[in-house]
Amino acid sequence: MHNSLSWIEWLDRLERIVTSARRDVASVWRSSSARGLSAIERSTRQLAALTRELRILDRSVFHAGIEELQKALDTAIFHLGLLSAWEAAPAKVDRDRILAAIDSALLDCSDEAAALLTPRARDGAANLAAAGSA
């Protein structure tokens, strides 16, 4: 189990990766290049690594929202994977729709991460800490 500091570091990395991935998606949207697609693949790997780390972080730090964040990450990774399918068969898949879905899924990741930092989500952790010290 990791402590709250690990969560802060993890959330910071998530924000940096999501921001970078959104820039990469915008770049691919403007022009499909091998460099842009390799950046998307890198973002996919980074998000997958964050998803694995999310499973081992101390979930008692937050009262609610972890499952929603997990789902948002899984959705973003799924949509990023669709881009590879588009590259393999461009006639079968609408690239703009996939890129819009990726961007939306990445925004959902940021929104869910921000929701973890609301007082409602943190109240559960404070209640657990208070119960432990009583």
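With label points built 7 Å along Cα→Cβ from the Cα atoms of residue 8 and residue 31, find their separation and express it in nm.
Distance between the two pseudo-spin positions: 4.2 nm.
Using 7 Å Cα-to-Cβ label points, what is the residue 97/residue 71 separation (nm, one decimal)?
2.3 nm
Select from region 28-83 those trypsin sites (Lys or Arg not before Pro) which occupy a DSSP coil region and have at most 13 other Cβ atoms within 10 Å, ordered by residue number.
55
Each reported figure results from applying straightforward, stated rules to the coordinates on display, with no laboratory input. These numbers come from a predicted model, not from an experiment. Cβ: placed from backbone, ideal geometry, glycine included. Neighbour counts: every protein chain shown.
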